[in-house]
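The values are calculated or read from the model by the stated rules, or taken from the named source; none is laboratory data. Note that the structure is predicted; figures quoted are calculated from it, not measured. Quick reminder, even Gly has a Cβ in these numbers, built from the backbone with ideal geometry, and neighbours come from all protein chains shown. With ligands, DNA and RNA removed, areas are computed over all heavy atoms of the protein, side chains included. Shrake-Rupley method; radii C 1.70, N 1.55, O 1.52, S 1.80 Å.
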Amino acid sequence: MQQTQARCNPIARTSGEHCHDAPQLMLGWHGAMDYEFTHGGGRLVLGQAAILPSGEPHSYLGRQAECEVFVIDLDAADPCLASLEESCALDLRESLFAEPRTLSLPPTLLPLVEFATTQVKAASDEKRTRLVNHQLAMLFVSQFSQLVDDVYKGAMQRQRLSVEALNRFIDQRLASPPDNTELADALHLGQSQFHLLCQRQFGVSPQQYVMNRRLFWARHWLHHTQRPIGVIAMDLGFADVSSFSRAFRRRVGYPPTQERH
């Protein structure tokens, strides 16, 4: 796994294709660079940025000899990112890095890009470089998270998820619970859009909603049938009775055996 690092990447008139193991933020700095990812693309100039999740193939083409891009590579296991997620109630994989996207930066952020590139180029030793890398990574991740949140909140102010359609799809997949991509596709939404709607409407992440629905059926079957707990655990997609019991106790507050008393 690569370490979190911020860097100025000279592109000039070169071209190529990449696929990184970790998320990446790209900001236009000097000149212009065209890029494409799986669905979409754009031109990276000052004031424009791109967000690439891990494993997202993308190509690039520098348009001027002076083309240079400011890049932040993010280690998904970075404890600084984990701390940011915990303190701000974020799930970056389900929000900021759910899908590749482009961003237009507000004018107030442009001096920040210049400041960041200056800091990266001025770092003179390993200790300072590591400190600057983490400071800038946290700064831009938090700023981009807010930008993405603002964009989608404005676009979805009046939009709501169909509870009936969502529950119906989950209920059809209880033995093999759907992931976020499958949930979003079933409701004809983008992953980030679906995630934000779920958070706004239900106050939980999509996977927390799926778990709550699975445990709804667990309580129903425990209370109204004599099906063995092992069968219920298997029918709800749990690996074994132990994992089912742990999930049940965390959500309900007591073990599944107590539901039948």
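A compact table of results
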quantity	calculated
Selection from the range 9-29 of residues that are touching a residue at least 40 places away in the same chain (Cβ under 8 Å), surrounded by fewer than 21 Cβ atoms within 10 Å (Cβ to Cβ) and not in a strand (DSSP E or B)	Ala12, Arg13, Thr14, His20, Ala22
Residues being open to solvent by less than 60 Å² (accessible area, probe 1.4 Å), out of contact with any Leu (no Cβ under 7 Å at 6 or more places or on another chain) and closer than 12 Å to Glu94 by Cα - total across the range 186-201	6
Complete set of residues in the range 221-256 that are open to solvent by 80 Å² or more (accessible area, probe 1.4 Å) and either in contact (Cβ under 8 Å) with a residue 40 or more places away in the chain or in a helix (DSSP H, G or I) (or both)	His223, His224, Met234, Arg246, Arg249, Arg250, Arg251
Which listed residue, of Ser124, Ser87, is among the polar types (S, T, N, Q), more than 18 Å from Tyr209 (Cβ to Cβ) and not in a loop (DSSP other than H, G, I, E, B)	Ser87
Candidates Val204, Val132 - the one that is among the β-branched types (Val, Ile, Thr) and either assigned to a helix (DSSP H, G or I) or open to solvent by 60 Å² or more (accessible area, probe 1.4 Å) (or both)	Val132
Single condition Leu183 does not satisfy, out of (1) farther than 21 Å from Glu85 by Cβ; (2) surrounded by 14 or more Cβ atoms within 10 Å (Cβ to Cβ); (3) at pLDDT 90 or above	(1)
Among residues of the range 30-67, those that are touching a Cys at 6+ places or on another chain (Cβ under 7 Å), open to solvent by 30 Å² or more (accessible area, probe 1.4 Å) and outside any loop (DSSP other than H, G, I, E, B), counted	1
